[in-house]
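Written below as structure tokens is the structure these notes are about.
The values are calculated or read from the model by the stated rules, or taken from the named source; none is laboratory data. Predicted model only: the values in this text are computed from it and were never measured. Virtual Cβ from ideal backbone geometry, glycine too; neighbours counted across all protein chains shown. Quick note on the areas: whole protein, heavy atoms, side chains included, nothing else; ligands and nucleic acids left out. Shrake-Rupley method; radii C 1.70, N 1.55, O 1.52, S 1.80 Å.
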Amino acid sequence: MPLALLALAISAFGIGTTEFVMMGLLPDVAADLNTSVPTAGYLVSAYALGVVVGAPLLTAFGSRLPRRRILVLLMAVFTVGNLASALAPGYGTLLAARFLAGLPHGAFFGVGAVVAARLVDEGRGARAVARMFLGLTVANVVGVPVATLLGQHLGWRATFAVVAVIGLAAMAALAVLLPELPAQRRHSGGLRAEVGALRDRRVVLGLLTTVLGFAGVFAVYSYLASMLTRVTGVSAAMVTVVLALFGVGMTLGALIAGPLTDRAPRPTLYGALGALALVLALFPYAMRHTATALVAVVLLGLVGFATTTPLQMMVMRHARHAPTLASASNQAAFNLANAGGAWVGGATIAAGLGWTSPAWAGAGLAAAGLAVAVLGGRLGAGGEAAATRVIASSREDAARESSASPC
């Protein structure tokens, strides 16, 4: 695999750390800024809103820029947003800084996924995309726990200052390791073609699959700490360790899904969504005992994240010669899934159905995602081979042009 993928993974590590670390820092932030924890929770929503807004807008803005340049610029916005978070004098400023930090998230992963697939030979694109996302999973295993501990001991501002430093390191890595890939031109009609690709019903169904399928994961993950303490009986001090196991499962899912997606994308997607629905359906029973709960948490991370690579690749393939905006929109869909899954899970608890009830709702969401994926597969039969040829041709064009460009 090209060393340039390391630069993308470092960037993904920083993005993943800042996305999830706020959940562990909410009590500290609330106390320091003299606000309530529920009010501080809007800082999580502000980041997600930034992702949803920024994914199409920043992707459109950078559609004609060379890929290395736009990726460095996106990480620059990310770095400024985290530095502003560290220096924020009050709640309102921090809310705006979190929104700013979230803006480049979707566009970066959208452009980065297309770049990763163009860096490798045909038939290895999904593995390359999975390697980039590996940085996101490692963030959940190492970055978030360490950053949370740092914030608890040195103050939450120190956490975002460190993430800003990671952002600077990522910018340097991208500038040095990533070749100057040109924007796709031969098969693209520019921004109009990118927007037009979003009207393809197979792309729409792919995005809907992402929203429904991944919402099942976050219906449970958002309330996992409460399930562990209230149902399983895990101590509060051990929750961070158990959540790290979720990150281990995510890492395993990324490693497994990449090669499988290269060989058989749709069967991999169907299998991952089906396994996710099964794990979620059994989750309430597993949470009754510590040993089975730990296994269930790892499996949830594994099958949940095993869906991300095939989902990303299927949307890119359906978008054919204009995959960048569709790829970025898929990242926005993941964040809509985060917010929607948390809302659905909270609604079941508020209805008095019990702390493990979000798992049942999540299983239903995953099953609905599988149904939409199957429908999209039927509509996409016959078109994927042509899409693959277009992507392969684009990759060859990029290789020829970049060989003449300085790295």
Carbon and sulfur %, accessible surface of the chain computed with the full protein complex present, 1.4 Å: 69
In terms of the Cα gyration tensor, with a ≥ b ≥ c the square roots of its eigenvalues, is region 263-377 rounded because a/c is under 1.5, prolate because a/b exceeds b/c, or oblate? prolate
Estimated vicinal HN-Hα couplings, Hz - region 357-363 in sequence order (Karplus 6.51, -1.76, 1.60; Gly, Pro = x): 4, x, 5, 5, 4, x, 4
Can you give me the distance in nm between label points at Thr290 and Val80, each placed 7 Å from the Cα along the Cα-to-Cβ direction? 4.9
Is there a quick way to get the dipole size of the chain? I mean about its Cα centre, with the Cβ of Lys and Arg at +1 and of Asp and Glu at -1; what is the value in debye to the nearest 20? 840
Keeping every protein chain present and rolling a 1.4 Å probe, give me the accessible area per residue for the chain in Å². 38
Rel. contact order, % - alpha carbon contacts under 8 angstrom, at least six apart, the chain: 25
Simple spin-label estimate for Thr240 and Leu154 in nanometres, 7 Å along Cα-Cβ: 1.4
Residue separation between Ala172 and Ala351 times 0.36 nm, minus their alpha-carbon distance, gives in nm 59.5 nm
Here are some values of mean projected area of the Cα convex hull in nm²: (1) 17.6; (2) 19.8; (3) 26.7. Which one was computed from this structure? (1)
At R0 = 45 Å the Cβ-Cβ FRET efficiency linking Ala264 and Glu180, nearest 0.05, sits at 0.85
Quick one: Karplus J couplings for region 226-240, per residue in order, coefficients 6.51, -1.76, 1.60, θ = phi - 60°, nearest Hz, x for Gly and Pro? 5, 4, 5, 7, 8, 9, 6, x, 6, 5, 4, 5, 8, 4, 4
Rank-order 290-300, 305-315 by packing density, defined as the average count of other C-beta atoms within 10 Å over each peptide's residues, highest first. 305-315, 290-300
Please compute the contact order of region 215-370 in relative form: average sequence separation of alpha-carbon pairs under 8 Å and at least six residues apart, divided by the residue count, as a percent. 43
Would you please classify the overall shape of region 72-154 from the alpha carbon gyration tensor, given that a ≥ b ≥ c denote the square roots of the eigenvalues, rounded means a/c under 1.5, and beyond that prolate means a/b larger than b/c while oblate covers the rest? oblate
Stretched out fully, how many nm does the piece from Val231 to Ala31 gain, at 0.36 nm a residue minus the Cα gap? 69.2 nm
